[in-house]
Amino acid sequence: MRGIIGIIVLIQGAMGALGRTFTDSTGWGILPHWFDLPTLAYVGMAAAGLALIAWEEADKKRRKRVGPGA
């Protein structure tokens, strides 16, 4: 579940940062329609999304190495 949430957060953060950086609009994605965040906040969201994805993948590998039921 963390991986799915991480992907959504990553996409929203990246779209907001890219939209603010390369266009004159308030950003792309759904969050700029609701909140007026600075570009650095969107970059932080993208980093948090990457961290969630990495955490989920590391947890999957650990569970696979330890085995079922452990």
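The values are calculated or read from the model by the stated rules, or taken from the named source; none is laboratory data. Everything numeric here is computed off the predicted structure, so don't read it as measured data. Note: ideal-geometry Cβ built from the backbone for every residue, glycine included; neighbour counts use all protein chains shown. Note: accessible area is taken over every heavy atom of the protein model, side chains too, but ligands, DNA and RNA are not part of it. Shrake-Rupley method; radii C 1.70, N 1.55, O 1.52, S 1.80 Å.
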What Kirkwood Rh does the chain have if only Cα atoms enter the pairwise 1/r average? Answer in Å. 13.0 Å
So what is the orientation-averaged projected area of segment 29-70, using the convex hull of its C-alpha atoms, in nm²? 4.1 nm²
Hey, what do the phi angles of segment 51-59 turn into as Karplus ³J(HN,Hα) couplings, whole Hz, using 6.51/-1.76/1.60 and θ = phi - 60°, x for Gly and Pro? 5, 5, 5, 5, 4, 5, 5, 5, 5
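What part of the accessible area of segment 1-46, given as a whole %, is carbon or sulfur when the probe is 1.4 angstrom?
Values: 2260 of 3010 Å².
Its accessible area is 75 percent carbon and sulfur atoms.
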Pairwise label distance in nanometres, residue 57 with residue 5, each label 7 Å out on the Cα-Cβ vector: 1.9 nm
The chain - accessible surface per residue (Å², probe 1.4 Å): 72 Å²
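Leaving ligands, DNA and RNA out of it, rank 65, 2 by accessible area with a 1.4 Å probe, largest first. Intermediate results must be reported in sequence, preceding the final value.
Working: 65 180, 2 65 Å².
These residues rank, largest area first, as 65, 2.
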